[in-house]
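For reference, the structure discussed in these notes is given below.
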Amino acid sequence: MSSLKSIAVFGATGDLGPYLVDALLESKAFSTVKVLTRSESFEEKPEKFNDLKARGVQVTALDLADEDAVTEALQGIDAVVSSIGGSVLASQLVWVKAAARAGVKRFIPSEFGINSQKAVGPVFETKRAVQEEIVKNGLEYTLLFVSLFADETVIPLFGFDVKEGSARLVGDSSVPLTLTYRKDIASFIVEILKNPSVSRNKALQVKSLQTSFDEIIERFKAVGTPLKVSRLTEAEAQEIIDANPNTVTSFYFMLLIKAAHGDMYFDTVDNDLFPNVKPSGLDVAVQEAIESAKQL
Ligand SMILES: NC(=O)c1ccc[n+]([C@@H]2O[C@H](COP(=O)([O-])OP(=O)(O)OC[C@H]3O[C@@H](n4cnc5c(N)ncnc54)[C@H](OP(=O)(O)O)[C@@H]3O)[C@@H](O)[C@H]2O)c1
């Protein structure tokens, strides 16, 4: 069985990347953890990269659009994990070619959302284009679908204003919802890399938990922080989106409408393949929301 010991990470200082790097280091299962970052990013946030270096991470700052430079930086790497942001996913097309030239075995592209093989929209088209490029270049892949980040769902943008003691729901809030904490995503990635034959060329759905917006409201009540609930119909939410389509608020309303349609729910998951991952439950997200409201 081939082993993936030397790991390169793209997007290490974004929303998800730090969790991945922390888990790779904590597992002590890998001989090399290397971070590839844009030169400008390195100059903008040197403290983050110096911290990574102090913890034993190799950091290479380069022009990530330069295929030759990325090929050089990936020499000796067994697997790439990319957590590049959703607006620049196409950058990965160059990295896939570079990885193949450098002899990388496995490429784990930046997925970490709903199942891009079924979803509709430009982001998912780009994610599928990257998947095709991986196959075309003869690399192994693992795709990891996680639905929504559990630790970024019970937040004001999704309608939870815990400081004000209120929650605004959209459409049918009893529809089941799959959530995965970023820390658990990172644990799944470690297990995927430690078990290459189990995860080879697989599109995997995992979860921390299944819930619903109604259940989240109930959980707040159960821990003594009841929220006053207001409701919007899908049509009302759609009107807000149509009035200002390109705002962050509209993006979250779009997600809430999708959630009300069941698009954020996995009816099957592959957690059983990775019994070492012990995901957290809903209480963690609820307590985090209560704690962050206290800081405001
Ligand atoms: N399921 C969910 O609820 C959810 C929520 C958010 C995101 N996601 C998914 O998770 C993945 C990671 O998202 P994220 O929010 O962690 O990303 P992010 O924080 O927006 O960005 C991650 C990294 O992308 C790199 N980057 C930015 N612009 C770049 C460019 N022009 N060229 C090359 N690299 C660039 C940066 O790395 P450097 O600074 O090191 O260059 C940045 O730190 C995405 O696939 C996204 O769709 C899912």
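The values are calculated or read from the model by the stated rules, or taken from the named source; none is laboratory data. All of these numbers come straight from a predicted model, not from anything done at the bench. Virtual Cβ from ideal backbone geometry, glycine too; neighbours counted across all protein chains shown.
Give me the residue from segment 239-284 that is in a helix (DSSP H, G or I) and under 28 Å from residue 194 (Cα atoms) and, out of that set, nearest to the chain's Cα centre (by Cα). Show your work before the answer.
Initial filter on segment 239-284 (in a helix (DSSP H, G or I)): 239-243, 248-260, 271-273, 282-284.
Subsequent filtering for residues that are under 28 Å from residue 194 (Cα atoms) retains 271-273, 282, 284.
On the way: 271: 16, 272: 20, 273: 19, 282: 18, 284: 18 Å.
In this case the residue turns out to be 271.
Please pick out the residue among 164, 125, 132, 111 that is in contact with a helix residue (DSSP H, G or I) (Cβ under 8 Å, 6 or more places away or on another chain) and of a type in the set (Asp, Glu).
On the way: 164 fails: in contact with a helix residue (DSSP H, G or I) (Cβ under 8 Å, 6 or more places away or on another chain); 125 fails: in contact with a helix residue (DSSP H, G or I) (Cβ under 8 Å, 6 or more places away or on another chain); 132 fails: in contact with a helix residue (DSSP H, G or I) (Cβ under 8 Å, 6 or more places away or on another chain).
Exactly one residue qualifies, and that residue is 111.
Considering each of 178, 247, 268 in turn, give the residue that is under 22 Å from residue 151 (Cβ atoms) and of a type in the set (S, T, N, Q). Break it down into steps so the answer makes sense when it comes.
Working: 247 fails: under 22 Å from residue 151 (Cβ atoms); 268 fails: under 22 Å from residue 151 (Cβ atoms).
Answer to the check: 178.
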- Message: It is to be established whether one or more residues within segment 191-204 are within 16 Å of the chain's Cα centre (by Cα), at pLDDT 95 or above and within 12 Å of the ligand (Cβ to nearest atom).
- Response: no
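Does residue 254 fit the bill of being among the hydrophobic types (A, V, I, L, M, F, W, C), touching a Ser or Thr at 6+ places or on another chain (Cβ under 7 Å) and in contact (Cβ under 8 Å) with a residue 12 or more places away in the chain? If you could, list the steps in order and put the result at the bottom.
On the way: among the hydrophobic types (A, V, I, L, M, F, W, C): yes; touching a Ser or Thr at 6+ places or on another chain (Cβ under 7 Å): no; in contact (Cβ under 8 Å) with a residue 12 or more places away in the chain: yes.
Considered against the rule, which asks whether it is among the hydrophobic types (A, V, I, L, M, F, W, C), touching a Ser or Thr at 6+ places or on another chain (Cβ under 7 Å) and in contact (Cβ under 8 Å) with a residue 12 or more places away in the chain, residue 254 comes out as no.
Just the residues that are outside any strand (DSSP E or B) and touching a helix residue (DSSP H, G or I) at 6+ places or on another chain (Cβ under 6 Å), please, taken from segment 203-219.
As a first pass, look at segment 203-219 and keep what is outside any strand (DSSP E or B): 206-208, 212-219.
Within segment 203-219, 206, 208, 219 meet the criteria.
Listed here are the residues, each with its yes/no results for (1) over 22 Å from residue 194 (Cα atoms); (2) among the charged types (D, E, K, R).
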{"residue": "39", "(1), (2)": "yes, no"}
{"residue": "42", "(1), (2)": "yes, no"}
{"residue": "48", "(1), (2)": "yes, yes"}
{"residue": "64", "(1), (2)": "yes, no"}
{"residue": "68", "(1), (2)": "yes, yes"}
{"residue": "82", "(1), (2)": "no, no"}
{"residue": "91", "(1), (2)": "yes, no"}
- Query: In segment 34-61, what residues are touching a strand residue (DSSP E or B) at 6+ places or on another chain (Cβ under 6 Å) and polar (S, T, N, Q)?
  - Reply: 37, 39, 58, 60
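Somewhere in segment 228-238, is a residue within 15 Å of residue 148 (Cα to Cα) and not in a loop (DSSP other than H, G, I, E, B)?
To start, the set of residues in segment 228-238 that are within 15 Å of residue 148 (Cα to Cα) comprises none.
Taking every residue of segment 228-238 in turn, none turns out to be within 15 Å of residue 148 (Cα to Cα) and not in a loop (DSSP other than H, G, I, E, B).
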- Message: Can you pull out every residue in segment 152-169 that is surrounded by 21 or more Cβ atoms within 10 Å (Cβ to Cβ) and either near the ligand (Cβ under 9 Å from one of its atoms) or among the hydroxyl-bearing types (Ser, Thr, Tyr) (or both)?
- Response: 153
- Please work out if residue 115 is in contact with a strand residue (DSSP E or B) (Cβ under 6 Å, 6 or more places away or on another chain), modelled with pLDDT of 95 or more and crowded, with 16+ Cβ neighbours inside 10 Å. yes
- Pick from segment 1-48, criterion hydroxyl-bearing (Ser, Thr, Tyr), within 8 Å of the ligand (Cβ to nearest atom) and closer than 16 Å to residue 81 by Cβ, ranking: surrounded by the fewest Cβ atoms within 10 Å (Cβ to Cβ): 13
- Report the residue count in segment 64-115 for those that are within 9 Å of the ligand (Cβ to nearest atom) and over 22 Å from residue 40 (Cβ atoms). 5
